[in-house]
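Shown next, in structure tokens, is the structure this report addresses.
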Amino acid sequence: MEKRRQPEHRIIFEAIYDRASAGSISDFLRHSSPLSGRSLRQYFFKGLVFLNHKKSHSQAKLKEGDRIQVYGINEEQPTLSPESMPLDIVFENDQLLVINKPAQLAVHPSGSITSGTLANGIAAYFEEKGLKLKVRPVNRLDYGTSGLIIFAKNAEMQTLLTQATQTNRIHRIYYAVVHGVPALPEGTIDLPIGEF
């Protein structure tokens, strides 16, 4: 078995696949983890995604009961710099925080984006309230997409909310704004929007 539990590595996402139908590990992570598509490509390329304790490629097929783990490198996950910004808080209690994210705002640092993200704003918000909490996004939205982002305030709630997302107990609805008047009043687009 390949060594991977080195001091500089830590698990940043872990889940058990509980669906009867098969799907690729990349599709599962893209829809069930808070990691961005760009980040996931890097993790696969660097061999940091594991399926049943073995390194996995992005198109590996999953079956019920499979364990998925994504490892991060601590030096690539610096402590978030608190950056105060306006936050549209939709809901908050002692377990979670729900923010209405505007468009043109990244959820967390990734690639060339190292600051000015929603996660930086949440870090500042926690600091201003005297809370020593880690920023734990449960879901994510693309830079150009507005909508609700859930932040867990502890590891247990993050796990529960992640599992709820995986089992479709948290439903996501997306709306698109279009120019002009579509020829048909309604329809379905069933096409892939991206792949690894």
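The values are calculated or read from the model by the stated rules, or taken from the named source; none is laboratory data. Everything numeric in this text was worked out from a predicted model, so none of it was measured. Cβ: placed from backbone, ideal geometry, glycine included. Neighbour counts: every protein chain shown.
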Quiz item: Taking residue 64, is it exposed (fewer than 12 other Cβ atoms within 10 Å of the Cβ) and in a loop (DSSP other than H, G, I, E, B)?
Solution: yes
Quiz item: If you check every pair at least six apart or on different chains, which have Cβ atoms under 8 Å apart with a residue in region 86-108 that is of a type in the set (Gly, Ala, Ser) first and a residue that is modelled with pLDDT of 95 or more and not in a loop (DSSP other than H, G, I, E, B) second?
Solution: 106/118
Exercise. Go through region 1-27 residue by residue and tally those that are buried (at least 18 other Cβ atoms within 10 Å of the Cβ) and either within 21 Å of residue 192 (Cβ to Cβ) or at pLDDT 85 or above (or both).
Key: 4
Quiz item: Between a first residue in region 131-147 that is touching a residue at least 24 places away in the same chain (Cβ under 8 Å) and a second residue that is β-branched (Val, Ile, Thr) and part of a loop (DSSP other than H, G, I, E, B), which pairs have beta carbons less than 6 Å apart while being 6 or more apart in sequence or on different chains?
Solution: 137/107; 140/107
Quiz prompt | Hits in region 90-134 (condition: assigned to a helix (DSSP H, G or I) and among the aliphatic types (A, V, I, L, M)) | solution = 118, 119, 122, 123, 124
Quiz item: Among the numbered criteria (1) out of contact with any strand residue (DSSP E or B) (no Cβ under 6 Å at 6 or more places or on another chain); (2) at pLDDT 90 or above, which single criterion is violated by residue 97?
Solution: (1)
